[in-house]
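Input: a single structure, listed below in structure tokens.
The values are calculated or read from the model by the stated rules, or taken from the named source; none is laboratory data. Predicted model, so just to flag it, every value in this text is computed and none were measured. Counting neighbours? That spans all protein chains shown, and the Cβs are built from the backbone with ideal geometry, glycine included.
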């Protein structure tokens, strides 16, 4: 059962992206994100997105995984889109919808939302989707049905620029999510940490203790899975003493949460204490000089990637400055 | 001059009774010494004092002629290694390879030398196929073997095992003790435990009871000291128990049976 | 019979294609009484012991098959209808290193946690009775559980389970990390609970000495299957089975076996589990008290 706990989102594969130096990946993702925010033109953005999709296709990571990373943001994306469409009022008027808010419609709206509020916790799948269908149905209702006295009549106008702007923003967020997913899917957390360790080294000249920071991250990475397992154990131990983390009165529930938190602190403290001993016994000196088993060396592909990425950055800056694209 | 000299060491945790009182002994190079004691006998405290994680309140520890103190500890530590009880809490690296490398990185060993030592010592404890595994996917016995490899990789002379097998299943215990047995003749080992039958592969036994050294004998002689072992709240071997009963109550062919039981004990 | 398992299987992860499912335990049939039994469950790490005992406590719900706990059926089908508390009140489960479940300000309060959750009346007196059973003296009832020694902490944690007065007590490797004396004290406590309080004790262990000296019935698990369920001596006599599942014989049995061979004592019964019985058996066969 233990091998199910995978920390981070790393996806095992042997693609070129996986083999890339973590430093290259970190810097590339950052500079591509900058490019992404510089681009103003939607066609350019589509081109950029196409490039990202090409990279995704070449990595052998299933596309579903990328879609999953957007899934959590679906609601936010949709709301952003709708708000943009409704409230941008420049460019050409494409279509105007007239809605009738009547007394009956209002009652139906309130009742449906109330029912939604009551039943939504029983819906397991496609919750957001169901909600959106309901909202859409309510608008359709107002569009077609005008029975019973009218309260107010209102229009929703869709302009060309609103549509473009909305797509632009949504596409930009999606591309951003794809980019960061590319980094986390193809790089183990510990590799990321090693990359950061190297990248932050120049800061040491300014007396910033970057090695302590990266050591802390690496220990956290090491112990998070262990503590997750430990939490599960304590949870079960208290459950078999009748603790019920789902139901019961508020005061009882508070006690049950305490029954979980206190042991976790005790365990974490004991582990930390033991670990400190183990590290000291193996000669760790917090600010001392250390060599590293990870040797990061740039290869041809790394240099090549740098060139491409910086070229993209330069082109986007150029286009923006010169042509305001 | 002995390799390890423990001289009149005492230790006291705040608000507790003395954990160690005036403990002295010497350990020669290449010796396997078992330190036996019940829970709370001070044996783990002793281990931490020997490897310099705790400072004795009085008395001194001399390793290879150098007295342990704040100034010497960093250099003396090169000669010392310790494997603790809990397999999880001493696993510093994210993978087996990282963990073995940790001590070497601290000692500023060159990367090529690190890789060589990782390969060599991981195969010594039969963990060479697990170098990229995370600790969550290893058994307790495997994790302890990694801990042994990590200590061996630093190439110190003295290795302390502080109840290194007490949290393992029988299979794990066997794996770990087999790995330790391989060190005979190469390293000096201080093996701390509360199980008498684990003392069998050591040369000498030191028994602690309530922080006081009550016995320091060759292994087989130590087994005969039933009264001292019992008063130190330790279990004596089942074979010794039977011999004791036979001697006490008598049995025909008793001598023959005692002989057989002794042989059994030796064989282990 | 209090607990009945019929065709119980459990998988931690059910893949879309049911063919690829990896069961932690599979097709287990067992009956366990709610009085006077002393059962040990042995098997290697990963043989499914922990999974099995967690199902007995309804911490895990069987993927297939069902468990009948005094009339309450636990199965995937009625997962949402099971009154977990009623099951857990009757069957106490003591995890490995139970001292890590302590959290209250005082020893007594901590022991009260379980019975309070189960809605038992008379909580304090039950807690005090449980503490007395495990040998914790009254003068530390109001101390913090974290100020106690390791052995005491473990006993307090066990009292925390006993206080809810379960009929069946399950212990998952309770002696790990204890020294010989602590181990003996704990096992004697379990024996007392079995003999005097008539509790059914189920003990998961690797230690064949415990199997020999304390239990009557042994369940051997290997790779998720129950490969033996019955009397311990019958198990030790079955050399093939012992070897096949790489089990060990208890020390006294091993010694008597060698003595039997070397002295060719054909009628020596080697299945004796403590020194006194072993000696008596030798005396019965060899006789005499002269040298």
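Among what's in region B:51-67 and is part of a loop (DSSP other than H, G, I, E, B) and either out of contact with any helix residue (DSSP H, G or I) (no Cβ under 8 Å at 6 or more places or on another chain) or within 13 Å of chain A (Cβ to nearest Cβ) (or both), pick the residue that is surrounded by the most Cβ atoms within 10 Å (Cβ to Cβ). Checking each candidate, the answer is B:51. Going through region B:190-206 one residue at a time, which ones are in a loop (DSSP other than H, G, I, E, B) and more than 11 Å from the chain's Cα centre (by Cα)? Hits for region B:190-206 are B:195, B:203. Taken over region C:174-203, the criterion of being within 11 Å of chain B (Cβ to nearest Cβ) and either buried (at least 19 other Cβ atoms within 10 Å of the Cβ) or over 25 Å from residue C:47 (Cα atoms) (or both) is satisfied by C:175, C:177, C:178, C:179, C:180, C:181, C:182, C:183, C:184, C:185. What is the one condition in (1) farther than 23 Å from residue C:151 by Cβ; (2) in contact (Cβ under 8 Å) with a residue 12 or more places away in the chain that residue C:104 does not satisfy? With respect to (1) farther than 23 Å from residue C:151 by Cβ; (2) in contact (Cβ under 8 Å) with a residue 12 or more places away in the chain, residue C:104 is out only on (1).
The set of residues from region C:215-234 being in contact with a strand residue (DSSP E or B) (Cβ under 6 Å, 6 or more places away or on another chain) and in contact (Cβ under 8 Å) with a residue 60 or more places away in the chain comprises C:215, C:216, C:217, C:218, C:219, C:220, C:224, C:226, C:229, C:232. Looking only at region C:79-86, decide whether some residue is within 13 Å of another protein chain (Cβ to nearest Cβ) and in contact (Cβ under 8 Å) with a residue 60 or more places away in the chain. No, there is no match, as no residue in region C:79-86 is within 13 Å of another protein chain (Cβ to nearest Cβ) and in contact (Cβ under 8 Å) with a residue 60 or more places away in the chain. The single condition among (1) within 12 Å of the chain's Cα centre (by Cα); (2) modelled with pLDDT under 95 that residue B:232 does not satisfy is (1). You will find that of C:161, C:170, the residue that is within 14 Å of chain A (Cβ to nearest Cβ), out of contact with any helix residue (DSSP H, G or I) (no Cβ under 6 Å at 6 or more places or on another chain) and crowded, with 21+ Cβ neighbours inside 10 Å is C:161 and no other.
For region C:55-71, a tally of residues being within 14 Å of chain A (Cβ to nearest Cβ) and either part of a strand (DSSP E or B) or free of Cβ contacts under 8 Å to residues at least 12 places away in the same chain (or both) returns 1. Criterion applied to A:289, A:297, A:249, A:322 was being out of contact with any helix residue (DSSP H, G or I) (no Cβ under 7 Å at 6 or more places or on another chain), more than 13 Å from chain C (Cβ to nearest Cβ), modelled with pLDDT under 90 and over 30 Å from residue B:155 (Cα atoms), and the one residue passing it is A:322. Is it the case, given these coordinates, that residue B:42 is surrounded by 23 or more Cβ atoms within 10 Å (Cβ to Cβ), modelled with pLDDT under 95 and either closer than 21 Å to residue B:189 by Cα or within 14 Å of another protein chain (Cβ to nearest Cβ) (or both)? For residue B:42, the condition - surrounded by 23 or more Cβ atoms within 10 Å (Cβ to Cβ), modelled with pLDDT under 95 and either closer than 21 Å to residue B:189 by Cα or within 14 Å of another protein chain (Cβ to nearest Cβ) (or both) - is met. Can you work out which of the residues in region B:214-239 that are touching a strand residue (DSSP E or B) at 6+ places or on another chain (Cβ under 9 Å) and part of a loop (DSSP other than H, G, I, E, B) is nearest to the other protein chains (Cβ to nearest Cβ)? Here the answer is B:233.
The residue of region B:258-268 that is surrounded by the fewest Cβ atoms within 10 Å (Cβ to Cβ), among those that are within 9 Å of chain C (Cβ to nearest Cβ) and either at positive phi or touching a residue at least 12 places away in the same chain (Cβ under 8 Å) (or both), is B:264. Counting only helices (runs of 4 or more DSSP H) that sit wholly inside region B:73-185, those with at least 1 residues that are at negative phi and either surrounded by 23 or more Cβ atoms within 10 Å (Cβ to Cβ) or in contact with a helix residue (DSSP H, G or I) (Cβ under 9 Å, 6 or more places away or on another chain) (or both) are B:96-106, B:111-124, B:140-153, B:170-181.
Do the conditions hold for residue A:276, that is, is it within 21 Å of residue A:209 (Cα to Cα), modelled with pLDDT of 90 or more, more than 7 Å from chain B (Cβ to nearest Cβ) and not in a loop (DSSP other than H, G, I, E, B)? Against the criterion (within 21 Å of residue A:209 (Cα to Cα), modelled with pLDDT of 90 or more, more than 7 Å from chain B (Cβ to nearest Cβ) and not in a loop (DSSP other than H, G, I, E, B)), residue A:276 qualifies.
Of the candidates A:213, A:185, A:223, the single residue that is facing another protein chain (nearest Cβ under 10 Å) and either over 30 Å from residue A:67 (Cβ atoms) or surrounded by 19 or more Cβ atoms within 10 Å (Cβ to Cβ) (or both) is A:223.
Answer yes or no as to whether residue A:262 is at the interface with chain C (Cβ under 10 Å from one of its Cβ atoms) and at negative phi. Considered against the rule, which asks whether it is at the interface with chain C (Cβ under 10 Å from one of its Cβ atoms) and at negative phi, residue A:262 comes out as yes.
Quick one: is residue C:185 at pLDDT below 95 and under 27 Å from residue B:36 (Cα atoms)? Considered against the rule, which asks whether it is at pLDDT below 95 and under 27 Å from residue B:36 (Cα atoms), residue C:185 comes out as yes.
Regarding region B:187-205, can at least one residue be identified that is in contact with a strand residue (DSSP E or B) (Cβ under 9 Å, 6 or more places away or on another chain), more than 30 Å from residue B:155 (Cα to Cα) and buried (at least 18 other Cβ atoms within 10 Å of the Cβ)? No, every residue in region B:187-205 fails to be in contact with a strand residue (DSSP E or B) (Cβ under 9 Å, 6 or more places away or on another chain), more than 30 Å from residue B:155 (Cα to Cα) and buried (at least 18 other Cβ atoms within 10 Å of the Cβ).
Taking region C:79-137, which residues are assigned to a loop (DSSP other than H, G, I, E, B) and touching a strand residue (DSSP E or B) at 6+ places or on another chain (Cβ under 9 Å)? The answer is C:82, C:83, C:95, C:96.
Among residues of region B:76-88 being touching a strand residue (DSSP E or B) at 6+ places or on another chain (Cβ under 9 Å) and more than 10 Å from every other protein chain (Cβ to nearest Cβ), the one that is farthest from residue B:187 (Cα to Cα) is B:76. The lone criterion from (1) in contact with a helix residue (DSSP H, G or I) (Cβ under 6 Å, 6 or more places away or on another chain); (2) within 12 Å of chain B (Cβ to nearest Cβ); (3) at pLDDT 90 or above left unmet by residue C:218 is number (2). Comparison of A:297, A:289, A:270, A:236 shows that the only residue that is in a loop (DSSP other than H, G, I, E, B) and without any contact (Cβ under 8 Å) to a residue 40 or more places away in the chain is A:289. Looking across region B:240-255, the residues that are within 7 Å of chain C (Cβ to nearest Cβ), over 27 Å from residue B:201 (Cβ atoms) and in a helix (DSSP H, G or I) come down to B:249, B:254, B:255. Does residue A:164 count as out of contact with any strand residue (DSSP E or B) (no Cβ under 9 Å at 6 or more places or on another chain) and at pLDDT 85 or above? Yes; evaluated as a whole, the condition is true for this residue.
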